[in-house]
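Every number here is computed from the coordinates shown, using simple stated rules; none is lab data. In this text, all values refer to a predicted model and were calculated from it rather than measured experimentally. Heads up, the Cβs are rebuilt from the backbone with ideal geometry, glycines too, and the neighbour counts pull from every protein chain shown.
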Amino acid sequence: MVKHTLAKNIDKHLNETVTLKGWVYNIRKSGKIWFLIFRDGTEFIQCVILKDEVSSEVFDLKNTLTQESSLAIEGVVQKAPRQKFGYEILVKNIKVMQIAEEYPISLKEHGIEFLLDNRHLWLRSKKQNAILRIRHEIIKASRNFFDDRDFTLIDSPMFTPNASEGTTTLFKTKYFDQDAYLTQSGQLYSEAGIMGFNKTYCFGPIFRAEKSKTRRHLTEFWMIEPEMAFYDINDNMDLAEEFVRYIVEQVLKNRKKELEILERDTSKLEKITLPFPRITYDEAVKILQDNGRDFKWGDDFGAPDETLITKKFDTPIMIHHWPAETKAFYMKRDENDDKFVLGVDMIAPEGYGEIIGGSQREEDIDLLLSRIKKENLSEEMYNWYIDLRRYGSVPHSGFGLGLERTVSWICGNQHIREAIPWPRTITRLKP
RNA sequence: UCUGGAGUAGCUCAGUGGCAGAGCGGGUGGCUGUUAACCACUAGGUCGUGGGUUCAAAUCCCUCCUCCAGAGCCA
């Protein structure tokens, strides 16, 4: 039975004596009174130490305690109108667990490289705490969203023998006496899943060996991928926008304090209402050309293009009906015009880029086989996938949401690296 | 891979040809309500690496290394 109190619950113990266990965040000394800013991972709270209220040993700790020293504090909970949190502790006793060595992360500014080198310590700081709590909230909201809509969680493997898209961006690894790749997407496996479970989602890490060095890229990131039997591209878009709206709503509702710590302009998030604009690829190209950009039909949009297109809207937007040439083999062609595939990208506002990619999948075995041949993919490798078109093929759709981009957007982060506890980038494998 | 930027104290940075600096952090002392507290004193340096120019290089030139931002690619 745990006998100490969590700092976040201190308001339930007004005028009572409590024991808190945690770490020193900061100390302010002033002769016969000193202040200890305490954190325990749930909240920051000021503790007041008066010479007349404690033993001289405890009072003299002001000279030995260092930032991040671990301790247990016994004291009385008092109202403190001058404090942001509203409460403080009048200390009666302090038990030191360990005096911390000189802590590298000070209360002043640091550079991103230094902070990432010290990620194991940086996790303790206020903003990182807020971001990762919001990440937690987004994951929880995602699972609730799908669980409440008759989806079953069917996770995909991390080791795969084949690629869902091109092979140049795959991490290759030894798998006993075979070669294996780290997964880029759980989609193909999810397509098998829905034939057994109707609607599924998978949630796990994804690996991309892209040599991208921007604030929007990680080599290891997490993706939430729902897949639905009997959904067409429009059903797919309906679900995607409802999903994103729900996530934003849950964070606004349950993580007010964290958004405030991050100084997020929440008015921008409150504008995320349904429906999201849906424009075709052709319409998006027209927006670019009308704004004087030299854009060639058939190309994919670059980051500056995406930002320009989204600037016209307050909410995320969905771009659908893409030129077939640049898109993956499994996307279903538009029956009215086979130049296009029934793919959709959702682009977040404020320049945070693509957060969702999805499509209606090709369910016709002959069309699928011809795509596989045309792209020189191994038919043998995809045999199990082609089986899904042999045994009761149905129209189906799905999409994947990049978790860290979504976290970054909702938090208003400068860096996607802050949206994951242990970021992996092209130049970073530690800590 | 390409383009641009940076590397000076533990950290964040100033110094751009003539004595190696500041703030924070560390140490010592002071202060009874502090809010990234404040005040005084103090310790702390292979100026990324290797070479070159010069009476003299952190500073100018070249090599390499590392990191950052972006492009391409992508979520």
Quiz item: What ranking, highest mean first, results for peptides A:109-118, A:319-328 when packing means the other Cβ atoms within 10 Å averaged over each residue?
Solution: A:319-328, A:109-118
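I'd like the FRET efficiency for residue A:109 and residue A:133, computed as 1/(1 + (r/R0)^6) with the beta carbon distance as r and R0 of 25 Å, rounded to 0.05. Kindly include the intermediate steps, with their values, before the conclusion.
Details: r = 22 Å, r/R0 = 0.90.
Step by step, r from the Cβ atoms, then E = 0.65.
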Self-check item: Karplus (6.51, -1.76, 1.60) ³J(HN,Hα), θ = phi - 60°, over region A:358-364, in Hz, Gly and Pro reported as x
Solution: x, 6, 7, 9, 6, 9, 7
Quiz item: Want the number for residue A:3 to residue A:17: 0.36 nm per residue separation, take away the alpha-carbon distance, what's left?
Solution: 3.8 nm
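Could you work out the local net charge near residue A:159, counting Lys and Arg as +1, Asp and Glu as -1, over the other residues with Cβ closer than 13 Å to its Cβ? Each step should come with its number before you reach the end.
Numbers: positive: A:172, A:174; negative: A:155, A:179.
Residues close to residue A:159 contribute a combined charge of 0.
Per-residue counts of other Cβ atoms within 10 Å, averaged by peptide: what ranking do you get for A:172-179, A:192-199, highest first? Intermediate values should be presented prior to the final figure.
Numbers: A:172-179: 8.6, A:192-199: 18.4.
Answer by packing, highest mean first, reads A:192-199, A:172-179.
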Quiz item: residue A:149 versus residue A:391, label points 7 Å from Cα toward the beta carbon: distance in nm?
Solution: 2.8 nm
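Using DSSP to define loop residues, name the trypsin sites (Lys or Arg not before Pro) in region A:217-274 whose beta-carbon has at most 16 other beta-carbon atoms within 10 Å.
Details: sites: A:245, A:253, A:255, A:256, A:257, A:264, A:268, A:271; in loops: A:255, A:264, A:271.
Sparse-neighbourhood loop trypsin sites (Lys or Arg not before Pro): A:271.
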Self-check item: Placed amide H near residue A:37: partners under 5 Å, 5+ positions off or other chain
Solution: A:25, A:26, A:27, A:28, A:47
Exercise. State the Cα centre-to-centre distance between region A:231-245 and region A:31-49 in whole Å.
Key: 48 Å
Quiz prompt | Distant-in-sequence amide H partners of residue A:426 (H built 1.01 Å from N, under 5 Å) | solution = A:219
Quiz item: Given only helices, namely DSSP H runs of n ≥ 4 each adding -39500 (n - 2.57), what is the per-residue ellipticity at 222 nm of chain A, to the nearest 500 deg cm²/dmol?
Solution: -8500 deg cm²/dmol
Exercise. Could you run the Karplus curve 6.51 cos²θ - 1.76 cosθ + 1.60 with θ = phi - 60° over region A:250-260 and give me ³J(HN,Hα) per residue in whole Hz, x for Gly and Pro?
Key: 5, 5, 4, 6, 9, 10, 4, 4, 5, 5, 5
Quiz item: Applying the Karplus parametrisation 6.51 cos²θ - 1.76 cosθ + 1.60 with θ = phi - 60° to the phi angles of region A:12-25, what ³J(HN,Hα) value in whole Hz is obtained for each residue in order, glycine and proline being reported as x?
Solution: 7, 10, 4, 6, 9, 8, 10, 10, 10, 10, x, 9, 7, 8
Quiz item: What is chain A's relative contact order, in percent, from Cα pairs under 8 angstrom and six or more apart in sequence?
Solution: 13 percent
